[in-house]
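Notes follow once the structure below has been shown.
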Amino acid sequence: DVGKRQDPPTTTVILEDAPMQECRVWGDPQVISFDGQLSASFHFNGQFYDDSNVDSYKDGDYYLVKAPTLQIQGRFSAGGGSHRSMMRELAITGQAMGDKVLGVKPNAMVLDGDEIARGHNDAEYSDDAVIINQHQGGSLIEFPGDDTVDVWVQQSQAAVNAYIFMTA
């Protein structure tokens, strides 16, 4: 009909076989982004960056993931006589985990202010928002409300290393 609004056809995309991508953060800090860029040397907008023109060792709180249903932040600070920062804490929150906040520190995990694990890499916890299990020398964090992301963390004396796995 002329003059009558028609909705465009819809398409459903099923991502069950979508490849997983990963982001890694470890050490002082070394970061490999989801697109494979290394923090010590990378290309952005056609320009090459390395330690001579980018300081990837600054202290501060930075988003590692900022998605509509999940946000992951790392807190970086120097210490132990080094001028280079390390990831000292990791915070995870969002709709995927019922807006609860999970904090990962070198010696503890805290969920909404309550300590759920003490020590290094020995967390075992489960509720409707988050499942944490020991896995390959660290802790695997899964979210029942979102099967597109998993986080593996390894706690050391002074820092937290993290691998974030997400579907593309």
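Listing for the model above:
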item	result
Inter-probe distance in nm under a simple model that places probes 7 Å from Cα toward Cβ, at Asn107 and His135	2.7
Extended-chain gain in nm, criterion 0.36 nm per residue less alpha-carbon gap, Met20 and Tyr49	7.8 nm
Thr148 accessible area, assembled protein chains, probe 1.4 Å, Å²	50
Where labels lie 7 Å past Cα in the beta-carbon direction, separation of Ser33 and His83 in nm	2.5
Relative packing of peptides 27-33, 100-106 - highest average C-beta neighbours within 10 Å first	100-106, 27-33
Distance in nm between pseudo-label sites at Thr167 and Gln95 (7 Å out along the Cβ direction from Cα)	1.6
Peptides ranked, highest mean first, by Cβ atoms within 10 Å: ranges 108-121, 134-147	134-147, 108-121
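The values are calculated or read from the model by the stated rules, or taken from the named source; none is laboratory data. These numbers come from a predicted model, not from an experiment. Reconstructed Cβ throughout: ideal geometry from the backbone, glycine too, with neighbour counts over all protein chains shown. Side chains included, ligands, DNA and RNA excluded: accessible areas come from the protein's heavy atoms. Shrake-Rupley method; radii C 1.70, N 1.55, O 1.52, S 1.80 Å.
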